[in-house]
Every structure is written in C-alpha cells, then in structure tokens.
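Participant: Quick one: this structure, given as structure tokens, is what I'll be asking you about.
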Amino acid sequence: MRLNNARVISFSGIDGAGKSTQIEAVQCYFRELGLRFSVYTFWDDVVVFSRFRERVSLKAFRGEKGVGSPDQPISRRDKNVTSWYVTVVRLLLYLMDACSLRAAVSRCCNADVDFILFDRYIYDELANLPLNHWLLLLYVRLLLMVAPRPDLAFVVDADPETAHARKPEYPLEFVRKNRAAYIAISRLVQGMTVLEPFPIEETTAKINESITRKFLQTDVGAAGLPSHCRASARQSKMSSS
C-alpha cells in the first residue's frame, strides 16, 4: 500500500499530555498497514540554533535541564518566562523557525515515505506567547500564513493538573495558561483537531479513525485497501464509535 505523496501530521499540546504515546501508537498503526513514515522532532529538526538557544536559556534564566517526573520533579525556566524583552526576542526567533519549518516540510514531502509525523509544530511555540494582546494575536495570524499547514493537525488536550503531575517541570498556573493558549490557537487553525482528555485507547482510536477517513479511503478507496488494512480501518472505526 502506497500513497501518491507524503502527508504531514502534527501533534501538539502541553507537556505531559501524552503526545509521545500517541505518536508511537500511530507508528504502530502505520506498520500494520505497511505504510512508510518518518518522525521529525520540532526542536531537534526544525528550530534554528536550537542548542545555542538552550545554552543561553539555561544560563540566563537559571532553570534546570531535563525532563521532570513524579519521582524527580525539576524547575525549568524558559518558555514560562514572559518579560517583554524575552517576548520580543521570541517573535524574531519564531519567525525564523517558521521559515525553517517551511523549508523542512518542503524537503520531507519529497521523501520516499507516505507520512511525516511531527512531534510538536510551530503551534507549540506560539502557545508560549501571551495571546491576550491584540498585537501578538495579529503576529500569530501572520505567522500562521508563513508556516505550512499540516495535512492533519492534532492538539492532544489534557487536564492541567494531571499533566503537571505527570511532568512537573513548570508552575501549575503556567500549565493552565499554556493549555488555554493551545485551545485559542486551535480556533485560528482551520481543520485542527483537539483531542479531548479521554483514556489513551480512546484517543488512539480517534486518531486512527481520523487518519483512515482523511487519507486512506480518500486516496485509494476502502475497497482498494489490502485485507489486513481494511480490518485495521474497521477496527479503528468501531473503537471510536
């Protein structure tokens, strides 16, 4: 089974929402269907000067490095720093990242794969901005015109308290504001799907059903799928209904 050209699927959401879990589940689903895919991590594969920015952030804001866990919580200070001069720097860097993303998507869509999965996207950077200011909201709208729109964009939503307990890295109040920013951005991006904080299996079924309905049946027709692919597609639909 092969598609005519690579399709881009992005996953966004607050830390601890379960994006990595769902991306792994999608990879398993593609393997079952015999589809080829590549996974891109926004920070490692797209962000401009990512290592330099990380070093400067650690030195300037004196936060901790790493990934927090319930047993070993950490205190990070980077995207939750919202002083005006930091925001101005971010506006320039995010524009550079949007241009870099445009180039990256152009390259990867010509790759010999069926799907490109993005672990985070430009939306995850924009969610760090204080969107209650009209000038920043205008900036976000303009940047969304620069950045390429994925063929399918997911926001993995989560209860802020639950996500914070899973990944205790930022103050809970920031996690709440960050979550609200994702919801606001989802209203600006046409076709973006917000996945409600259901159990993991239900969310996985919803994602698989969305992918099947949008890409597989549209491109090759349900009858044209191999038998094991049709069975997987039917199972995905039954699980999500």
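The values are calculated or read from the model by the stated rules, or taken from the named source; none is laboratory data. What you see is a predicted model; the values in this text were computed from it and never measured. Reconstructed Cβ throughout: ideal geometry from the backbone, glycine too, with neighbour counts over all protein chains shown.
Participant: Is the stretch 33-53 home to any residue that is assigned to a helix (DSSP H, G or I) and β-branched (Val, Ile, Thr)? Give the steps one after another, and end with the answer.
Facilitator: Taking the stretch 33-53 and keeping what is assigned to a helix (DSSP H, G or I), we get 33, 42-45, 50-53.
When the remaining residues are screened for being β-branched (Val, Ile, Thr), the result is none.
Within the stretch 33-53, none of the residues are assigned to a helix (DSSP H, G or I) and β-branched (Val, Ile, Thr).
Participant: Also, I was wondering about something else. With the requirement that a residue be over 16 Å from residue 207 (Cα atoms), of a type in the set (A, V, I, L, M, F, W, C) and under 17 Å from the mean Cα position of the chain (by Cα), what does the stretch 115-167 give you?
Facilitator: 122, 126, 127, 129, 140, 143, 144, 147, 163
Participant: Of all the helices (runs of 4 or more DSSP H) wholly in the stretch 81-164, which have at least 2 residues that are touching a residue at least 24 places away in the same chain (Cβ under 8 Å) and out of contact with any helix residue (DSSP H, G or I) (no Cβ under 9 Å at 6 or more places or on another chain)? Don't jump to the end; show me each part of the working.
Facilitator: Values: elements: 84-108, 122-126, 134-146.
The helices (runs of 4 or more DSSP H) meeting that bar are 84-108.
Participant: Out of 90, 62, 77, I need the residue that is at pLDDT 95 or above and among the basic types (Lys, Arg). Which one? Full working, then the answer.
Facilitator: Numbers: 62 fails: at pLDDT 95 or above; 77 fails: at pLDDT 95 or above.
Step by step, each of 90, 62, 77 is checked, and only 90 is at pLDDT 95 or above and among the basic types (Lys, Arg).
Participant: I've got another one for you. Scan the stretch 143-163 and tell me whether some residue there is in contact with a Gly (Cβ under 6 Å, 6 or more places away or on another chain), crowded, with 18+ Cβ neighbours inside 10 Å, at pLDDT 95 or above and not β-branched (Val, Ile, Thr).
Facilitator: Residues of the stretch 143-163 that are in contact with a Gly (Cβ under 6 Å, 6 or more places away or on another chain), as a first pass: 155-156, 163.
Those still in the list that are crowded, with 18+ Cβ neighbours inside 10 Å too: 155-156, 163.
So of that shortlist, the ones also at pLDDT 95 or above come out as 155-156, 163.
If we keep only those that are not β-branched (Val, Ile, Thr) as well, we get 163.
Yes - at least one qualifying residue is present in the stretch 143-163.
Participant: Please pick out the residue among 23, 9 that is surrounded by 15 or more Cβ atoms within 10 Å (Cβ to Cβ), touching a Phe, Trp or Tyr at 6+ places or on another chain (Cβ under 7 Å) and in a helix (DSSP H, G or I). Please lay out each step first, then the result.
Facilitator: Numbers: 9 fails: in a helix (DSSP H, G or I).
From the options 23, 9, the qualifying one is 23.
Participant: Kindly indicate whether any position in the stretch 177-184 is closer than 22 Å to residue 98 by Cα, assigned to a helix (DSSP H, G or I) and among the basic types (Lys, Arg).
Facilitator: yes
Participant: I've got another one for you. Which one of the conditions (1) within 21 Å of residue 131 (Cβ to Cβ); (2) at pLDDT below 95 does residue 15 fail to meet, given that it meets all the rest?
Facilitator: Of everything listed in (1) within 21 Å of residue 131 (Cβ to Cβ); (2) at pLDDT below 95, residue 15 misses just condition (2).
Participant: When you scan the stretch 193-204, do you find a residue that is without any contact (Cβ under 8 Å) to a residue 60 or more places away in the chain, of a type outside the set (Phe, Trp, Tyr) and over 15 Å from residue 156 (Cα atoms), even just one?
Facilitator: No, the conditions are met nowhere in the stretch 193-204.
Participant: Being among the aromatic types (Phe, Trp, Tyr) and surrounded by 19 or more Cβ atoms within 10 Å (Cβ to Cβ) is the filter; apply it to the stretch 38-72 and report the residue that is nearest to residue 114 (Cα to Cα). Don't jump to the end; show me each part of the working.
Facilitator: First pass over the stretch 38-72, keeping only residues among the aromatic types (Phe, Trp, Tyr): 40, 42-43, 49, 52, 61.
Now restrict to residues that are surrounded by 19 or more Cβ atoms within 10 Å (Cβ to Cβ): 40, 42.
Details: 40: 14, 42: 19 Å.
Ranking the qualifying residues of the stretch 38-72, first place goes to 40.
Participant: A further question on this structure: Testing residue 170 on (1) under 24 Å from residue 74 (Cβ atoms); (2) assigned to a loop (DSSP other than H, G, I, E, B); (3) in contact with a strand residue (DSSP E or B) (Cβ under 9 Å, 6 or more places away or on another chain), one condition comes back false. Which one is that?
Facilitator: Result: residue 170 fails condition (3) only.
Participant: Just to be sure before I move on: is residue 8 touching an Asp or Glu at 6+ places or on another chain (Cβ under 9 Å) and farther than 20 Å from residue 203 by Cα in the structure I sent?
Facilitator: On the way: touching an Asp or Glu at 6+ places or on another chain (Cβ under 9 Å): yes; farther than 20 Å from residue 203 by Cα: no.
Considered against the rule, which asks whether it is touching an Asp or Glu at 6+ places or on another chain (Cβ under 9 Å) and farther than 20 Å from residue 203 by Cα, residue 8 comes out as no.
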